[in-house]
Each structure stands twice: as structure tokens, then as C-alpha cells.
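Below you'll find the structure, written out as C-alpha cells, and then a few comments.
The values are calculated or read from the model by the stated rules, or taken from the named source; none is laboratory data. Computed from a prediction, not measured in an experiment: that's the story for all the values here. Counting neighbours? That spans all protein chains shown, and the Cβs are built from the backbone with ideal geometry, glycine included. Remember, those area values only see protein heavy atoms, side chains included, never the ligands or the DNA or RNA. Shrake-Rupley method; radii C 1.70, N 1.55, O 1.52, S 1.80 Å.
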Amino acid sequence: MQKGSLQERISVILERVGFTGINLQCLAFRLGIKTKKIRETLEILPSSKKAFLLDGDDTTVISAHFFNQFEEIIIKKVIEYHKKNPLKEAFSKKSLKFR
């Protein structure tokens, strides 16, 4: 963490926080670096498939590793649901979040 590049330090933090990701302000606080500089570095990570920026009210960053695992879990849940309920269209986002 002390000797790595900013990109490497961000990647380490993202792996540590796991599925929840981390918002931009918390990441800036943990690194002691301005949000603008972190955002510039984060623009590189999605293109290198190391992280995803989830924009919303509070920009969250998640490791690509965990994002892909989460995506696989969601796909499995949807497939299981359709196998058990072949005549139903789909379940709600709320139901998916619960599962």
C-alpha cells in the first residue's frame, strides 16, 4: 500500500471491501488523495477491466472480480426462478435483492 501506484492501491482497497464496493469520498479519505485525482485514475480501471464505477447519488466503485461474481449469482438466481416458475414472467428487483 505504501509503495504501489495509485491504481494498485485502489485495486487493493477494492479487493478488501468486497461485494459492497466503496464510495468515492471514502476511497479518497482512505488514500488521503483528492476525489478528482482518484476519479481520473478510476477512469483507467474500467478499460483495464479491474473495476467498475457505479454512478448514482453516491458514486460507488467495485472490483471487477466481485462485480463478475455478483453478476453470475444474479444469473443463477434468475435461471433457478424460471425453472421453478416457468409460467411466470419474472420477479421484481426487490425480490432479487432479497434473494
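Quick look at the values:
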read-out	value
Extension gain (nm, one decimal) between Lys76 and Glu43, 0.36 nm per residue minus Cα-Cα	8.9 nm
Relative contact order, percent, the chain [alpha-carbon distance under 8 Å, six or more residues apart]	24
Per residue solvent-accessible surface (Å²) - the chain, probe of 1.4 Å	75
Packing-based ranking, highest mean first, of 72-85, 7-20 given that Cβ atoms within 10 Å are counted	7-20, 72-85
Surface share of carbon and sulfur [accessible, 1.4 angstrom probe, percent] for the chain	56
Gyration tensor (alpha-carbon) shape descriptor, the stretch 1-50, a/c threshold 1.5	rounded
Helix axis angle, 6-17 relative to the chain longest principal axis, alpha carbon, degrees	40
Pairs from Lys49/Lys88; Lys50/Lys76; Lys49/Lys84; Lys37/Lys94; Lys50/Lys94 whose Cα-Cα separation, in the structure shown, is over 31 Å	Lys49/Lys88; Lys49/Lys84; Lys37/Lys94
Lys/Arg +1, Asp/Glu -1 at C-beta; the chain dipole; positive extreme among His82, Asn68, Ile38	His82
Stokes-Einstein D (µm²/s) once Rh is taken as the Kirkwood radius of the chain over alpha-carbon pairs, at 37 °C in 0.692 mPa s	218
The chain, dipole about Cα centre (Lys/Arg Cβ +1, Asp/Glu Cβ -1), debye to the nearest 20	240
